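Presented below is the structure to which this report refers.
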Ligand SMILES: Nc1nc2c(ncn2[C@@H]2O[C@H](COP(=O)(O)OP(=O)(O)OP(=O)(O)O)[C@@H](O)[C@H]2O)c(=O)[nH]1
Ligand SMILES: [Mg+2]
């Protein structure tokens, strides 16, 4: 496929971080060929989003280099987009639209597709309104009274707006249906005593790679932004526990509101977790790493996930030396008590990561269990191997004596199934 050429224009104030490299990565993921960059440090202006002088300077650049698109960061109003398009005689898209394009490209499940359509419609509503108004103004001709023409135009506009609202209502209904089914599934898991561990973090940090390494799932992995748009839950083998690990949609700073709203239920999965594994990309510069970590913490705050225990996985350490790893661990906020340097790709230190997750879970209790020989005893023993963390097994003449760490549900079941005295809690 031939990629469309694009000029990137970033506007930021002195206090705002330089997001140009992230903006470039977004453009690359959306399949634009970036042929030029402008980084403008100034306050926003109403007419074009940037000062008129700068807009003129860029116009000259455009006339010479002829990009097919200008991509603008951060967000622009619909009026600003149209005024810039008129001035530059080039298609203009802002960062929000760029992220929408990527989500559109990566949406795989019916839920993600509906969510993205919802976000698109909401985002494009004011643009469409603006566009129809402009077209109507241009089409005003002399053969009918102006008032009558405006009236007819407004009717057309209302009709289109009504269509969009109806479609949004339909999407809402379907999404609600999917959400209810998911909630039911989750409820069943929680009844069955499953612990939910969610992998969260900035986009492209390596969340899906970690999910695959931990659970053997077949989630998609790519060096692109927002590869994952829907949650995937798979079981993790942890003796004595039933654990489900979920891969989830990545975060980004200034995630457009329309997308937060549309992907709310997917993001909410994070706030339902018992433990969060926050994946941090160690290949970023320290400054960039801290910026992304802060954006993640802000998102946790927004989605009500800030009370949940967090284990931090400093990922991609296979490409760093000891000193660089140490530097990064020291640079992370003091509140991050549990930091485990890992390589999801090489499966390094995953056992340490699992141990750290385990420390955040309610403790297992140690029991001595006396099992009879015969079918009942054997089937309980094999069940214990699945559900408990077996410390030792002793085969005596009369029975099998098992020492195991158990969670409360398993201990309760044994207590019901075994004669009194055959289950004894030990001091652990
Ligand atoms: N060197 C190295 N690369 C890694 C490691 N883990 C992941 N990657 C690479 O990082 C890129 C992103 O990996 P993903 O697992 O797709 O990241 P993600 O966080 O799920 O990304 P999104 O779903 O797009 O938000 C891929 O190119 C991976 O191969 C690692 O431990 N070491
Ligand atoms: Mg992913």
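Bear in mind that the values in this text are calculations on the coordinates, not laboratory data. If you're wondering where the values come from, they're calculated on a predicted model, not measured in any experiment. Reconstructed Cβ throughout: ideal geometry from the backbone, glycine too, with neighbour counts over all protein chains shown.
Things to note:
- The stretch 210-235 versus the stretch 58-122: alpha-carbon centroid distance in Å: 28
- Gained length - residue 335 relative to residue 257, 0.36 nm times residue gap less alpha-carbon distance: 25.3 nm
- Percent RCO, i.e. relative contact order, over the stretch 292-420, from Cα pairs under 8 Å lying at least 6 residues apart: 18
- DSSP bridge pairs, the stretch 1-157: antiparallel proportion in percent, nearest 5: 5
- With contacts taken as Cα pairs under 8 Å and at least 6 residues apart, the stretch 1-115 reaches a relative contact order of 29 percent.
- Peptides 381-388, 194-201 ranked from most to least packed by the mean count of surrounding Cβ atoms within 10 Å: 194-201, 381-388.
- Contact order relative to length of the chain, as percent, for alpha carbon pairs under 8 angstrom and 6 or more apart: 11
- Residue order, fewest to most surrounding Cβ atoms within 10 angstrom, among 106, 399: 399, 106
- If the chain linking residue 168 and residue 401 were pulled fully straight, counting 0.36 nm for each residue of separation and taking away their Cα-Cα distance, it would gain 77.7 nm.
- Highest mean packing first, where packing is the average number of other Cβ atoms within 10 Å per residue, the peptides 53-59, 75-81 line up as 75-81, 53-59.
- Hull volume in cubic angstrom per residue (convex hull over the Cα atoms of the chain): 188
- Placing a pseudo-label 7 Å from each Cα along the Cα-to-Cβ vector at residue 160 and residue 346 gives an inter-label distance of 5.6 nm.
- Of all DSSP-defined beta bridges confined to the chain, some 40% are antiparallel rather than parallel.
- Virtual spin-label span in nm between residue 64 and residue 124, 7 Å along Cα→Cβ: 3.5
- Two-site FRET efficiency, residue 77 against residue 136, from Cβ-Cβ distance with R₀ of 22 Å, rounded to 0.05: 0.65
- Placing pseudo-labels 7 Å out from each Cα toward the beta carbon at residue 40 and residue 375 gives an inter-label distance of 8.1 nm.
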